[in-house]
Amino acid sequence: MTIPNLDSVFISQRTPLLRTLVKIVKNASIAEELVQETYLRVARSLRDKPVDHLEPFLFQTGRNLALDHLRRERMQSRTMLDDVPDAIMQAVPAPGSSSEDSLHAERLLQRLGNALEQLSERQQRIFILSRLHGQGYAEIAAELGVSTSTVQKELKLIMTLCMTLIERLAPPT
């Protein structure tokens, strides 16, 4: 199929594709962006090789983009903050707070950084993959060639170490 064929299929299937993507991502404006991205991806694919069944290819591409979007959202929502108790989050100085609060926060970050540098190379890698790259236990385990339970135990140890340091350095209330 060619680009003109894609145009006619896209125009005729745009509304059903949009409805499908809205059901997946639960957001009409994101689904609209994904529909546009779907068109661009399919058009690029058609330049590389012909596609015999364009309509199913269009829908599969859209679904894949929607699932990728959900996966990215899930990874972005997983941060180290998920493991921090509310009491500690409340102690973090707000922007524009006193210079004393800022200095305390700077020292805390410095000491956390130093503590993380004391971890083994594998522990550092687990922390980075989990908290900065948003990878799950199974992905990390596969990448490092260890068991999922090893990743869980190491991450729990790392987070406990961080939490202990934060609690120890918290200013008296």
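Side notes on the structure shown:
- Over region 1-44, volume per residue of the alpha carbon convex hull, in Å³: 59
- Only protein heavy atoms count here; on that basis, with a 1.4 Å probe, T160 has an accessible area of about 70 Å².
- Theoretical FRET efficiency, 1/(1+(r/R0)^6), r = Cβ-Cβ of L116 and L67, R0 35 Å, to 0.05: 0.60
- Working from label points 7 Å from Cα in the Cα-to-Cβ sense, the L132 to R44 distance is 2.7 nm.
- q = 0.13, 0.16, 0.18, 0.25 Å⁻¹, region 4-77: log10 I(q)/I(0) [Debye, one scatterer per Cα]: -0.36, -0.53, -0.65, -1.12
- Of interest is the spacing of the C-alpha centroids, which for region 5-40 and region 120-173 amounts to 39 Å.
The values are calculated or read from the model by the stated rules, or taken from the named source; none is laboratory data. Remember, predicted model here, so these are calculated numbers, not experimental data. Ideal geometry is used to build each Cβ from the backbone, glycine not excepted, and the neighbour counts take in all protein chains shown. Each accessible area value is taken on the protein alone, full model and side chains, heavy atoms only, with ligands, DNA and RNA left out. Shrake-Rupley method; radii C 1.70, N 1.55, O 1.52, S 1.80 Å.
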